[in-house]
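What follows is a short report on a single structure.
FYI, it's all coordinate maths here, none of it is from the lab. Here the structure is a predicted model, which means the values were calculated and not measured. Quick reminder, even Gly has a Cβ in these numbers, built from the backbone with ideal geometry, and neighbours come from all protein chains shown.
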Amino acid sequence: MKKIIIMVALSLSLFKAQADEGMWLPMLLGQQVYADMVKKGLKLTKEQLYSINKSSLKDAIIIFGGGCTGEIVSSQGLIFTNHHCGYSAISGASTVEHNYLRDGFYAYNKGQEIKSGLTVQFLDRIVDVTKEVEDQLKGLSWADRVKKIGDVYKAITDKVADKENELAGRIYPMFKGNQHIMYVYKTYRDIRLVGAPPESVGKFGGDTDNWEWPRHTGDFSVFRVYTSKDGKPTPYSADNVPLKPKHFLPVSIKGIKDGDFAMIYGYPGGTTRYETSYGIKLKNEIENPSLVGLRDVRLKLMHEQMIKDPAVKLKLADNYAGVANYWKFFDGETKQLIKYKVFDEKQAFENKFNAWAKGKPEYENIMADYAKNYAAWTPYSKMRQYLNEGILGSPLAGNASRLISLETVLLKSSTTAADLKKAVDAATAARAAFKESEDLPSDEKILASTAMMFYNDVDKNQHPIGFYEGIKNAYGSLNDEATFKAWAKDVFAKTMMLDDAKWKAFSDAPTAAALQEDPAFAYAAAFTKNYTSKYVSLRTDFMNKNDELGRAYLKGIMEMNPAAVNKMYPDANFSMRVSYGNVKSYNPRDAVHYDYVCTGKGILEKYVPGDYEFDLPAKQVELFKKKDFGQYIDKGRNDLVVSFITTNDITGGNSGSPVIDGNGNLIGLAFDGNYEALSHKIAFDKDLNRTINVDVRYVLWCIDKLGGAKNIIDELKLVR
Ligand code: ARG
């Protein structure tokens, strides 16, 4: 009896979503899930959530840029997303003289909006193509399946592709390849920057507060979609007109209270909720600590320069933000995985799975095969992290490594003059882009430090042959930091990547020999080729085997408990999902209670004049002190609510997602997760998981009172 109870308890967490766990496909919302949404406070019909014939909520949700979510909030194609999602467009539009990143920016009429290189994608429809795909893969070995699946997908997406209307299909394997779902997207390419708060507001609290609650960040920015006069997607043109959307979200300034229903639509990038104990062990012991240690060093060296000079800060800001964001994430992830004993939990489940699988040939060896597969790859995983996060983490080395493709062209006997010219031109353009964001002092130190860390930390048998001996012969002891510094200094002084005259001489008469002699190229190529020639195939085998085992494992899990299958959801993979839950406070640890909102009072408490992360615009301090909150005030608190938390299940990629109330109105923008639940990619914690959202009333206050852009407010449909 006891045994059975334990089994059921353990199984539940893997079998079905608990509490507000779940990233649901908007098209395939089961009746059970929909009924639960209604119970929690949803007032909309299924058709209002997702429909392909009528306009529905999904028509207001977009993929923003390469990895974020945005939402349409006016009849003229206005987009709200996060500040950190618009960050590269904002910093890219900035100069030291017109520093929109630092000072903020608002277009007071459409003529002032700034062209960006961004694209956005609208979801046209979702189609289940599982049968079509599987019919063509039936009976194939795993290796043949892997070889063929790309072509099978392509044949299906080719049928729906419509270049003229910018429609394209993408097929996502769901439930580890047990299901195949096609999403058809329409891409728009004329996206303009409309507004952004000063960075002191949009990134208030910086990396200190990142991934943490309480949080006082005004993490929003505003863009607009433009189309041709007949409403079609088209590249930028001065004649283009604002998009007329199928649906846009009304904006509610009624305010929120603890327990309110909250729904988040968006594009969660990735989760691995069915990860095995083997994967968690590798992550905790090797992958995460290696990445964190290497990024730690790179970040410190960049930061040293950024605080000295606004021009350097602008150059490095975008790259720095991305590296820092996931440095803190992966550090916290492992801390939480250990704290919550997720490894033990997974292992216990795997033991139960094994007991069930015994005597079932399809399943009984899965766990043993996982063990073998991880044992084969683990010895090389540190080297791979040190290559990607260390050696190639130097911008010079990272960019030099991309010249390997030029080397290949130079070495190939069949290369035509036209091929060569194309390759050289591409390299010249890439070099120019690299130079624009290159900060020499920090990069030279990064080069030296990461080369030394690789030397010290990675198994000597896996070093590129001869490389470190070469440094030793020319510069001295490898146990001395000065050796690496002297070597790095020479690389920087001599490489054509940083010398225009040398690059011109090379690109006028390119040869493989000249490229190979370049010290930056020689360095980057030695490490990269060491990996590609000896280890990449091991990595591919490892990944393929994991995919094969994962598909079978998940099928087994579903078979083990068929009753729970309709409460399962597939891992996030940057396809549109909906998550629902409530506004809710929490207790992060003994004796500590976290309220569900942060307010203007807290902003002033954190404010440190002149600080790198906690400064504020003078005007904001003044308006706050006067309590000039206008119609955005929270009357009960006599203050401005700046952010709130909900129990929604989201992850990176959801940034910028709308938080929607039970009636379909926008109440906030999701922008982060809390520290206590940083293990969320692997295990959702039903007590501690929270999504951090900027309150839409604070967004509007910033636009209106701080930015003076009433024109933007006037476009919205406010619900009071
Ligand atoms: N952690 C947030 C996310 O991944 C990004 C926040 C950006 N802010 C920052 N200080 N790096 O969505």
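Worth a mention:
- Spatial separation of Cα centroids for the range 68-125 and the range 579-597, in angstrom: 32 Å
- Other-chain or far-sequence residues with amide H under 5 Å of Tyr586's (modelled H): Tyr594
- Amide H contacts of Thr599 (H built 1.01 Å from N, in plane; Pro and chain starts excluded): Val642 sit under 5 Å, all sequence-distant by 5 or more or on other chains.
- Net charge, Asp499 excluded, C-beta distance under 12 Å - Lys, Arg +1, Asp, Glu -1: +3
- Column: log10 I(q)/I(0), Debye, Cα scatterers of the range 165-228, q = 0.25 Å⁻¹: -0.95
- Sorted by Cβ density within 10 Å, fewest first, the residues Asp695, Asp571, Asp649: Asp571, Asp695, Asp649
- Under the Debye formula (equal points on every Cα, no solvent term), log10 I(q)/I(0) of the range 519-600 at q = 0.27 Å⁻¹: -1.20
- Taking the fewest neighbouring Cβ atoms within 10 Å as the starting point, the ordered list for His83, His180 is His180, His83.
- Too-long pairs where the Cα-Cα distance tops 26 Å, listed order kept, from Lys58/Lys339; Lys147/Lys372; Lys203/Lys681; Lys494/Lys534; Lys244/Lys717: Lys58/Lys339; Lys494/Lys534
- Solution diffusion estimate, µm²/s, Stokes-Einstein, the range 341-495, Kirkwood Rh from C-alpha pairs, 25 °C, viscosity 0.890 mPa s: 125 µm²/s
- Each residue of the range 445-458 was assigned a 3J(HN,Hα) from its phi angle through the Karplus curve 6.51 cos²θ - 1.76 cosθ + 1.60 (θ = phi - 60°); the sequence is 5, 5, 4, 5, 5, 6, 5, 6, 5, 4, 4, 6, 9, 9 Hz, with glycine and proline shown as x.
- Long-range amide H partners of Leu243 with built H, under 5 Å: Val225, Tyr226, Thr227
- Alpha-carbon gyration tensor eigenvalues x 5, square-rooted, for the range 575-718, Å: 27, 20, 14
- 3J(HN,Hα) along the range 463-468, derived from phi through the Karplus expression 6.51 cos²θ - 1.76 cosθ + 1.60 where θ = phi - 60°, amounts to 6, x, 5, x, 5, 6 Hz, with x in place of Gly and Pro.
- 18 Å cut-off, amide nitrogen to a point 7 angstrom out along Lys534 Cα→Cβ, residues in the range 350-376: 376
- Coupling constants for the range 168-180 follow from the phi torsions by the Karplus curve (6.51 cos²θ - 1.76 cosθ + 1.60, θ = phi - 60°), and in residue order they are 8, x, 9, 9, 10, x, 10, 6, 6, x, 7, 9, 10 Hz; glycine and proline get x.
- When the convex hull of its Cα atoms is projected in every direction, mean area for the range 257-330 (nm²): 8.5 nm²
- Prolate/oblate/rounded call for the chain, Cα gyration tensor, a/c under 1.5 rounded: rounded
- For the range 350-428 and the range 206-274, distance of Cα centres in Å: 34 Å
- For a straight C-alpha distance cut-off of 20 angstrom, the lysines reachable from Lys412 (same-chain residues fewer than eight places away being disregarded) are Lys421, Lys422, Lys529.
- The alpha-carbon of Lys626 sits under 16 angstrom from the alpha-carbons of these lysines, leaving out residues fewer than 8 places away in its chain: Lys601, Lys635, Lys705.
- Expected 222 nm ellipticity per residue - DSSP helices of 4 or more, -39500 (n - 2.57), all of the chain, to 500: -14000 deg cm²/dmol
- FRET efficiency, Thr157 to Asp714 (Cβ-Cβ, R0 35 Å, nearest 0.05): 0.30
- Shape category assigned to the range 278-416 from the gyration tensor of Cα positions, a/c cut at 1.5: oblate
- Each part gets one Cα centre, and for the range 678-720 versus the range 148-186 those centres are 33 Å apart.
- Residues of type aspartates and glutamates that Lys283 reaches as a straight line, Cα spacing below 13 Å, ignoring anything fewer than 8 places off in the same chain: Glu275, Asp331, Glu333
- Dipole of the chain, positive end: most advanced residue of Ser200, Leu44, Trp701 [Cβ charges, Cα centre]: Leu44
- Remark: for residue pairs Lys315/Lys485; Lys40/Lys328; Lys176/Lys352; Lys131/Lys341; Lys39/Lys606, the C-alpha separation exceeds 29 Å in Lys40/Lys328; Lys131/Lys341; Lys39/Lys606.
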